[in-house]
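Some notes on the structure that comes next.
The values are calculated or read from the model by the stated rules, or taken from the named source; none is laboratory data. This one's a predicted model, so the numbers in the text were calculated from it and none came from an experiment. Every residue, glycine as well, gets a Cβ built from its backbone with ideal geometry; the counts of neighbours run over all protein chains shown. The accessibility values were calculated without ligands, DNA or RNA, using every heavy atom of the protein model including side chains. Shrake-Rupley method; radii C 1.70, N 1.55, O 1.52, S 1.80 Å.
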Amino acid sequence: EGTRFTRFYVAGATCNPSRSGFMSSRNPATLPNYNQDYGFPESHTTITRLLHDAGYKTGHVGKWHIGPRNNSTLQSLGMDEVKVMG
């Protein structure tokens, strides 16, 4: 069982704003800092945090570019595992 998404839109023309929009459901221009360098503010809930809190295992595979990659950042984003490539 699963879900097929047949229509989607991106929040920006490049990878970081698009990823930011997907993760936070916000327009990337509304973030106070460029999150590639600073990450998301604690007050912003991410989709991975919502899924993690609902009991799902969450992770990220691919380019990171959404803030510092350390344990506190991963925990605040609700990530169980991260595999960075490239």
### Task
Loop sites only, by DSSP: take the chymotrypsin sites (Phe, Trp or Tyr not before Pro) in the chain that have at most 10 other C-beta atoms within 10 Å and name the longest stretch containing none of them.
10-86
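Taking only protein heavy atoms into account and a 1.4 Å probe, give the accessible area per residue of the chain in Å². Display every interim value, and only then the final one.
On the way: 6310 Å² over 86 residues.
That works out to 73 Å² for each residue.
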### Query
Taking amide hydrogens as modeled 1.01 Å from N in the peptide plane, which residues meet the under 5 Å criterion relative to H60, leaving out close sequence neighbours?
E81, V82, K83
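Which loop-located GluC sites (Glu not before Pro) does the chain contain, where loop means any DSSP state but H, G, I, E or B and the Cβ has at most 15 other Cβ atoms within 10 Å?
Values: sites: E1, E42, E81; in loops: E1, E42.
Sparse-neighbourhood loop GluC sites (Glu not before Pro): E1, E42.
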### Query
At a Förster radius of 22 Å, what calculated FRET efficiency corresponds to the Cβ-Cβ distance of F5 and H65, to the nearest 0.05?
0.50
### Query
Sorting S20, S43 by accessible area (1.4 Å probe), largest first, what list results?
S43, S20
### Task
Using θ = phi - 60° and the Karplus relation 6.51 cos²θ - 1.76 cosθ + 1.60, list the HN-Hα couplings for the range 48-58 in order, rounded to whole Hz, with x at every Gly or Pro.
5, 5, 4, 5, 4, 5, 8, x, 7, 7, 10
#### Entry: Helix-only mean residue ellipticity at 222 nm for the chain, each DSSP H run of n ≥ 4 adding -39500 (n - 2.57), per residue, nearest 500
-8000 deg cm²/dmol
### Task
Describe numerically, in nm with one decimal, the distance between label points set 7 Å from Cα along Cα→Cβ at V84 and at L50.
2.7
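Looking at the range 1-31, which trypsin sites (Lys or Arg not before Pro) are DSSP coil and have at most 10 other C-beta atoms within 10 Å of their C-beta? Please list the in-between numbers first.
Details: sites: R4, R7, R19, R26; in loops: R4, R7, R26.
Of the trypsin sites (Lys or Arg not before Pro), the ones in loops of the range 1-31 whose Cβ has at most 10 other Cβ atoms within 10 Å are R4, R7.
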